[in-house]
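Remarks on the structure that follows.
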Amino acid sequence: MNITSFLMYCIIITFTPGPTNLVILSTVHHFGVKKAMEYTYGATIAFGLLLVVSAMMNTVLIVIIPKILIVMQIIGSLYMLYLAYQICKRHSSKPAVNETGTFRSGFLMQFLNPKVVLFTMTVIPSFIMPNYTAMPAVTISVLAITLIGFLAFITWVLFGTIFKKFLQNHSKIVNVMMALFLAYSAVMIWM
């Protein structure tokens, strides 16, 4: 497994602006750190559960249909390239959501967030399953990805106001760099 591509993909997907991160940013700004942390815990647990479901489904699929891996790699690569395009063309990251910041809303956001659902369904077959199919290795991978997601959420909580201002002031440069890193990750799946 190319660990650099794997980590870059996980970090870029979890740290770049998306619905969950923007709600965290808005919650910090409007309701404070305590409410944002409550929301973050719900989002993290849902993120981990989605990864577990993905790992279980992909383990079964790989045993039953070995050719499914190539399909998932293609889907994962195309999705990463799509995200790179979306990030590159994004002009600003204005949080327009008025969220109360509850555990439940954070939990539900992850299941309704297409970015997270597609990420959790592509990261396991694209990066983990081609190299590791044993339950301990897959479990450690799920925990590592969940931790990366939690660290991303915490970053948005702790540095929300500063990060928001930086993104607004340098949004084009940041978006282009993140898009390039994401495109690189899509290519490296095949290396």
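Extending 7 Å from Cα along the Cβ direction at residue 180 and again at residue 70 yields two label points whose distance is 3.3 nm.
Can you give the extra length, in nm with one decimal, that the chain gains between residue 56 and residue 187 once fully stretched, where that is 0.36 nm per residue apart less the Cα-Cα distance?
Values: separation 131, 0.36 × 131 = 47.16 nm, distance 2.56 nm.
Difference between extended and current length: 44.6 nm.
If I take all pairs of Cα atoms in the stretch 1-53, what percentage of them are more than 15 Å from each other? In whole percent, the long-distance tail amounts to 58. Set the Cα radius of gyration of the chain against 2.2 N^0.38 Å, with N its number of residues, and you get 1.01. The residues of the chain expose on average 50 square angstrom of accessible surface per residue, using a 1.4 Å probe on protein heavy atoms.
Under the simplified labelling scheme, the residue 117-residue 132 pair shows an inter-label distance of 2.7 nm, with each label point 7 Å from Cα along Cα→Cβ. Nonpolar atom fraction for the chain, defined as the carbon and sulfur part of the 1.4 Å probe accessible area, stands at 76 percent.
Along the axis of the charge dipole computed for the chain (Cβ charges of +1 for Lys and Arg, -1 for Asp and Glu, origin at the Cα centre), the listed residues 29, 51, 119 are led at the positive end by 29. The packing ranking of peptides 172-183, 124-135, 18-29, highest mean first, is 18-29, 124-135, 172-183, where packing means the average number of other beta carbon atoms within 10 angstrom of each residue.
The values are calculated or read from the model by the stated rules, or taken from the named source; none is laboratory data. From a predicted model like this one, the values you see are computed outputs, not experimental measurements. No Cβ is skipped: glycine too gets one built from the backbone with ideal geometry, and neighbour counts run over all protein chains shown. Surface areas here come from the heavy atoms of the whole protein model, side chains and all, with no ligands, DNA or RNA. Shrake-Rupley method; radii C 1.70, N 1.55, O 1.52, S 1.80 Å.
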